[in-house]
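Have a look at the structure below before the remarks.
The values are calculated or read from the model by the stated rules, or taken from the named source; none is laboratory data. These numbers come from a predicted model, not from an experiment. Heads up, the Cβs are rebuilt from the backbone with ideal geometry, glycines too, and the neighbour counts pull from every protein chain shown. Side chains are part of the model used for accessible areas, which takes the heavy atoms of the whole protein and leaves out ligands, DNA and RNA. Shrake-Rupley method; radii C 1.70, N 1.55, O 1.52, S 1.80 Å.
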Amino acid sequence: MTLTIEHLSKRFQEFVAVDNLNFTAKQGEIFGLIGQNGAGKTTTFRMILNLIAPTSGAIKWEGESVHTLNRDWIGYLPEERGLYPKMTVGDQLLFFGQLRGKSKRTLILEINEWLERFELTDKRKVLTETLSKGNQQKVQLIASLIHKPRLLILDEPFSGLDPVNAGLLKNAIIALKNQGTVIIFSSHRMDHVEELCDHICLLKRGKSLFSGAIIDLKKQYGKVNLTVRGPFMTSDLSGLPGVISVSEEKDMYRLILSHEDDARPIFKTLTQDGFIERFSLDYLSLEELFKRKVAGENV
Amino acid sequence: MSKFMLLFSQSYTSKLKAKSFYITTLIMLIGVACFFLWPTISGWFATADKPLSIVIVDQTKENAASYFNSNKKISFKTSNHSLKEEENQVLKGKTDALLLLSLKNGDQLNAELQTKKPLELNNQQMLEQQVQSASQLFTIQQLKLTADQAQRIMNQNVQLSQKVISQAAEKGKTSEEKTTATIVSYAVAFIIYLFVLSYLSIISSEVAAEKDSRIMEIIISSTSPVMHLLSRVSGVLALAMTQFAVLIAAALIMARSFQSGKYWDLLNDLFSSLTAGYTAYAIFFFFFACVLYTLMGAVLGSLVNKVQDVGQAVMPVTMMLMVGFFIAISGMSNPDTLLIKIFSYIPFTASMIMPMRIGATDMSLWQALLSLLILGGTIVGLFLFSLRFYRGSVLTYANGSFIKKIKQAILLSK
């Protein structure tokens, strides 16, 4: 199963919300849509959900128009939390499951299973409004996947979750991925994206800055992220050839190189006096790449 | 279960189970009970009242005091004492008032009332009536008629019989039929006003809350905007009809059991004097009004961004409703004015005014049918129009006027 976005654009009068977007989300992969606020993530999701129509371009599911996709196969977690405050957690999940065409009998089993998994069993008969924000978030997530969707869209699923609950949620998402669900999600949290996604699309003001595998993006810049620990001074390091910047991070120094090949001469220079505790060369983090991409566009 | 039924029953049962529904129904039931128990309730307060005691000092020498008759509310007593003494009695509070009768121009009755403090309006009016009729009797007396002649003048009464002589015209209604219809129509207008006012805000807040919490996006991504709109409108309508049925049933039971069935007979008389056509029209107008305003409530709810803004958004609709209601009240005294005619065709007020015209004027029924068709057409038109932007409006969180929002919503719905 594959979701393909081809030359997708959405224009609101003069304002271009999404501009010629292309990407493919495949089964067994998690696809991340990354961008600042107003980048066009939610508009893209709404077009996939058929809530609004594209100005031009196509959204295809298995090569056919997305309109043919059975609505009961879609799961959607909106960015802002949508639950009925006066309904109990159990009724809420039952309602959203039935809304996606599942029968009451199958749902009851599923609900118990999911509540247990998310440590919410004791909250089944509790009114949703009395839950903490994190627990509401978990209920919302269960509501979006209780019907075993084939396409799951998660708009900022981690907002408001503590690390333990974020971990539970990540595991659930990975489990769904392994079951064959096509998952698209958006997040501001690059660490989550880096951990979960194989492919991403970087959005800025509706335009795609990059679309493809994370590793390809990283390779574009190469291994220019160097951390060292040893008896150095900042002034020693900043003078080295090929070093763009030096920053002190706790007991280490972090160096950004202009090119991956600059690392070898630096290694030689730093180790000429003997032992150093750390010399570690790596790709830039996704967050740094994102900042560079966004900043690069500004120049 | 189909998705429509799921959404409908969710909308209906969640509100049926809500405390606010029980409370409003209870308040309305208490209101109905008060209406049927009114004689008993007013009796509790009335028993304490003593009749107004009035002493008459008659200086006419024609025994004019005999024309004043005591009743439950006023007791008259002719004085044997001097004016001065009686004035003292009033000042001491032994009697409530002193009525001084004298002659004016030799043959007319002149009355003057002396009290310690001003009389209440009700007593003032009763006394004025008494003085008026005493004066008439006194004048008749002065004309030296026989008792029999005087009686004939007092008892004369004429009935105006009306006959439409053109062949084409329908038979006119009697004024009694018209009065009955006016009362029933007033009740219909009042019920519409009361129901629409409460359910308008219920539906618009429901839709606004679903939009605000983004539940709307989940619902319309799994069904369709049309289904959402229809399920919300029908859910709220079903709730309104449930409450209406409870109130009618309670009213009928109360009418049967309270005051030894006096009201039951009264209602029987009332409804037997109404034609089947009138009843059918009144029911249609009531139902259509509920549909129209519920639909408007849903659409307005979809246009606001926050639940807090609902009150402001439904304000113009509430105004329209009030205009209709007040015009209906003005029709109680004269249902034949041009104002009534005009507003009986405007769909937003027709349901409160047209039933009155049907019952209380001699218009032909095609006019009622026309008005009903206009109302029905408006509902269909509004429904089709709102479908054009409902999808867009539930996804728009922009600020600005409603016109601007509707334009934007239509753009987004394309």
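Looking at the range B:220-371, the pairs of alpha carbons with a distance over 27 Å make up 39% of the total.
In this simple spin-label model, placing a label point 7 Å from the Cα along the Cα-to-Cβ direction at both A:R105 and A:Q27 gives a separation of 2.8 nm. By the helix-only formula, in which each DSSP H run with n ≥ 4 contributes -39500 (n - 2.57) and the sum is divided by residues, chain B has a 222 nm mean residue ellipticity of -23500 deg cm²/dmol.
What FRET efficiency comes out for A:N20 versus B:D309 if R0 is 35 angstrom and r is the Cβ-Cβ distance? Round to the nearest 0.05. Using R0 = 35 Å, I get an efficiency of 0.45. Residues of the range B:207-226 that bury at least 50 Å² of accessible area when the other protein chains are present, relative to the chain alone (probe 1.4 Å, heavy atoms, ligands and nucleic acids excluded): B:R214, B:I215, B:E217, B:I218, B:S221, B:S222. Plainly put, chain A has a radius of gyration that is 1.06 times its Kirkwood radius, both from alpha-carbon atoms, as the Rg/Rh ratio. Within the range B:368-414, all pairs of alpha-carbon atoms sorted by distance into 5 Å bins from zero give the percentages 5, 23, 21, 16, 12, 10, 8, 4, 1.
Ordering B:M332, B:M319, B:M352 by accessible surface, largest first, gives B:M319, B:M332, B:M352; the 1.4 Å probe counts only protein heavy atoms, with every chain in place. Accessible surface of A:F267, taken over heavy atoms with a 1.4 Å probe and every protein chain present, rounds to 100 Å². Interface size, chains B and A: roughly 2300 Å² of accessible area buried, both sides included, 1.4 Å probe, rounded to the nearest 100.
Taking only alpha carbon atoms, chain B gives an Rg to Rh ratio of 1.15, where Rh is the Kirkwood radius. Working note: Karplus 6.51/-1.76/1.60 with θ = phi - 60° gives the range A:151-157 the couplings 10, 10, 10, 10, 9, 6, x Hz, where Gly and Pro are set to x. Anyone know which of B:V90, B:V291, B:V158 comes out most mobile in the 10 Å Cα GNM of chain B? Result: B:V158 has the largest fluctuation of those listed. Solvent-accessible surface of the range B:51-152, averaged per residue with a 1.4 angstrom probe and all protein chains in place: 67 square angstrom. Would you look at the GNM of chain A, springs on alpha carbons closer than 10 Å, and say which of A:T121, A:T55, A:T68 moves the most? Maximum among the listed residues: A:T68. Averaged over its residues, the range B:174-216 has an accessible area of 36 Å² per residue, based on protein heavy atoms and a 1.4 Å probe.
Treating each Cα of the range B:199-239 as one equal point scatterer and applying the Debye formula with no solvent, the log10 of I(q)/I(0) at q = 0.16 Å⁻¹ comes out as -0.37.
Of all lysines in the structure, the ones whose alpha carbon falls short of 18 Å from that of B:K163, not counting any fewer than 8 places away in one chain, are B:K171, B:K173, B:K178.
Translational diffusion of the range A:223-282 was estimated from the Stokes-Einstein equation, with Rh taken as the Kirkwood radius over Cα pairs; at 25 °C and 0.890 mPa s the coefficient is 218 µm²/s. The alpha-carbon of B:K341 sits under 17 angstrom from the alpha-carbons of these aspartates and glutamates, leaving out residues fewer than 8 places away in its chain: B:D362. A straight chain from A:E248 to A:L127 at 0.36 nm per residue would run longer than the Cα-Cα distance by 38.6 nm. The fraction of accessible area contributed by carbon and sulfur in the range A:82-198 is 50 percent, rounded to a whole number (1.4 Å probe; ligands and nucleic acids excluded).
Label positions at B:F326 and B:L411, each projected 7 Å from the Cα along the C-beta direction, are separated by 3.8 nm. Show which lysines lie in cross-link reach of B:K405 when reach means a straight Cα distance below 23 angstrom and same-chain residues fewer than eight apart are skipped. Output for B:K405: A:K10, A:K41, B:K211, B:K306, B:K414.
Sorted from longest to shortest, the spans of the Cα atoms of the range B:51-152 along the three principal axes equal 43, 27, 20 Å. Taking all protein chains into account, the per residue accessible area for chain A stands at 47 Å² (1.4 Å probe). Based on alpha carbons, the Rg and Dmax found for the range B:135-237 are 31.1, 94 Å.
Model label points for B:L119 and B:S20, set 7 angstrom from Cα along the Cα-to-Cβ axis, are 5.0 nm apart.
Antiparallel beta bridges, as assigned by DSSP with both residues in the range B:51-152, represent about 45 percent of the total such bridges. Take the Kirkwood radius over Cα pairs of the protein assembly as shown, plug it into Stokes-Einstein at 37 °C and 0.692 mPa s, and you get 99 µm²/s for translational diffusion. Pair-distance distribution of the range A:137-230: all C-alpha pairs, bin width 5 Å, starting at 0; shares per bin in whole percent are 2, 10, 20, 22, 16, 13, 9, 4, 2, 1, 0. Think of it as helices only: each DSSP H run of n ≥ 4 in chain A is worth -39500 (n - 2.57), and spread over all residues that comes to -10500 deg cm²/dmol at 222 nm.
Here the gap between B:T78 and B:N399, fully extended at 0.36 nm per residue and compared with their Cα-Cα distance, gives a gain of 107.8 nm.
Two numbers describe the Cα atoms of the range B:74-121: Rg and Dmax, which are 11.9, 34 Å. Across A:I74, A:I256, A:I244, mean-square fluctuation computed from a Gaussian network of chain A (C-alpha pairs under 10 Å connected) peaks at A:I244. Between the helical axis of B:19-36 and the longest alpha-carbon principal axis of chain B there is an angle of about 20 degrees.
The overall shape of the range B:293-414 is prolate: from the C-alpha gyration tensor, with semi-axes ordered a ≥ b ≥ c, the ratio a/c is 1.5 or greater and a/b exceeds b/c.
R0 = 35 Å: FRET efficiency of B:V380 with A:S56, Cβ-based, nearest 0.05? Efficiency, rounded to the nearest 0.05: 0.55.
Annotation: the antiparallel percentage among DSSP beta bridges lying fully within the protein assembly as shown is about 60.
For the residue pairs A:K26/A:K125; A:K60/A:K293; A:K219/A:K291; B:K77/B:K117, the alpha carbons lie more than 26 Å apart in A:K26/A:K125; A:K60/A:K293.
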